[in-house]
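A.B. asks: One structure follows; several queries about it will come next.
The values are calculated or read from the model by the stated rules, or taken from the named source; none is laboratory data. What you see is a predicted model, and the numbers here were worked out from it, not measured in a lab. No Cβ is skipped: glycine too gets one built from the backbone with ideal geometry, and neighbour counts run over all protein chains shown.
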Amino acid sequence: MKALEEKIKREGCLMPGDILNVGSFLNQQLDCAFLFEMGKEIGRIFGKDGVNKVLTIEASGIAVAVAAGYALGVPAVFAKKHRSGNVSGGVYKASIHSYTHGNDYEAVVPKDFLCGDDRVLIVDDFLANGAALRGLIDIVGQSGAYLVGAATAIEKGFQGGGDALRALGIRVDSLAIIDRFEDGGVVFRKSEM
C-alpha cells in the first residue's frame, strides 16, 4: 500500500533496537480516516475468502482489526494479554513473547467468540518475528476454526517472521514490508500485490 509507505516515511521515527515508532497515526494517536483506508485494502485483499471473524491481540492491533472487520462486515475479536475478571468460562490461550516489551504473556480468547464454524482472518499492526501471530494461530487451531490467513499493517521483513509463516503455508499479506533501515530511513520491499 503505497500510501502507507509514504506515511511511514513522513511520520515514522526510528528508535534504538530496530523499533519503528508510528505513534502519530497507528499506535498512540489514531488517524481514523487512514485506518479505515487500510481496513478497506485488507477487505479488498481478503474479501472473497469467506472471512466471518477478524482476530487480533490487544492493544495496538485492535484499531487495524476494527477497520478490517468493518470493511469485511464481520466482528473483530481480540485476545487479552492476561485473563481478567471480566473473562468468564472457558478460554483458548497461548503463551507469546513480546519483541517490543521483552516479556512473555498469556493471550486469552473466551471460547464463546471462536468456534469450529468460523473462518478467521488474523489482523495486527506489526509483524516482526511472528510470535504474536503464531500465538493467535495456535488459538485459532484450538478453536477448530479455519485460518484464512493473516494481514498486517507493517511487516519488518528483515526479522523473518512473515517469511517463516509463509514457508509453513500460511497466507500472510502485509500492507507495507520493510526490508531494512538504512541511513536513518526505511527501505521497503517491492510489492507483489
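A.B. asks: Looking only at the stretch 9-16, decide whether some residue is assigned to a helix (DSSP H, G or I), surrounded by 15 or more Cβ atoms within 10 Å (Cβ to Cβ) and touching a residue at least 24 places away in the same chain (Cβ under 8 Å).
C.D. replies: No.
A.B. asks: Which one is farthest from the chain's Cα centre (by Cα) among residues in the stretch 148-163 that are more than 15 Å from Glu5 (Cβ to Cβ) and either among the hydroxyl-bearing types (Ser, Thr, Tyr) or part of a strand (DSSP E or B) (or both)?
C.D. replies: Among those that are more than 15 Å from Glu5 (Cβ to Cβ) and either among the hydroxyl-bearing types (Ser, Thr, Tyr) or part of a strand (DSSP E or B) (or both), it is Val148.
A.B. asks: Sort out which residues of the stretch 17-48 are in a loop (DSSP other than H, G, I, E, B) and either modelled with pLDDT of 95 or more or loosely packed, with under 15 Cβ neighbours inside 10 Å (or both), and write them in order of number.
C.D. replies: Gly17, Asp18, Gln28, Gln29, Gly47, Lys48
A.B. asks: Only one residue in Ala63, Ala79, Ala71 is in contact (Cβ under 8 Å) with a residue 24 or more places away in the chain, under 11 Å from the mean Cα position of the chain (by Cα) and outside any loop (DSSP other than H, G, I, E, B). Which one?
C.D. replies: Within the list Ala63, Ala79, Ala71, the selection yields Ala63.
A.B. asks: Starting from residues that are modelled with pLDDT of 95 or more and either in contact with a Phe, Trp or Tyr (Cβ under 6 Å, 6 or more places away or on another chain) or among the polar types (S, T, N, Q) (or both), keep the ones in the stretch 117-130 and report whichever is nearest to Gly157 (Cα to Cα).
C.D. replies: That would be Leu121.
A.B. asks: Could you list all residues from the stretch 78-116 that are touching a strand residue (DSSP E or B) at 6+ places or on another chain (Cβ under 9 Å), acidic (Asp, Glu) and modelled with pLDDT of 90 or more?
C.D. replies: Glu106
A.B. asks: Being touching a residue at least 24 places away in the same chain (Cβ under 8 Å), within 21 Å of Gln159 (Cα to Cα) and not small (Gly, Ala, Ser) is true for just one of Asn27, Asn52, Asn21. Which residue is that?
C.D. replies: On inspection, the qualifying residue turns out to be Asn27.
A.B. asks: Then there's this: Any idea how many residues of the stretch 164-193 are under 14 Å from the mean Cα position of the chain (by Cα) and assigned to a helix (DSSP H, G or I)?
C.D. replies: Selection size over the stretch 164-193: 1.
A.B. asks: Still on this structure, please answer the following. Among Val187, Val123, Val172, Val148, which is without any contact (Cβ under 8 Å) to a residue 12 or more places away in the chain and of a type in the set (A, V, I, L, M)?
C.D. replies: Details: Val123 fails: without any contact (Cβ under 8 Å) to a residue 12 or more places away in the chain; Val172 fails: without any contact (Cβ under 8 Å) to a residue 12 or more places away in the chain; Val148 fails: without any contact (Cβ under 8 Å) to a residue 12 or more places away in the chain.
Sole residue among the options that is without any contact (Cβ under 8 Å) to a residue 12 or more places away in the chain and of a type in the set (A, V, I, L, M): Val187.
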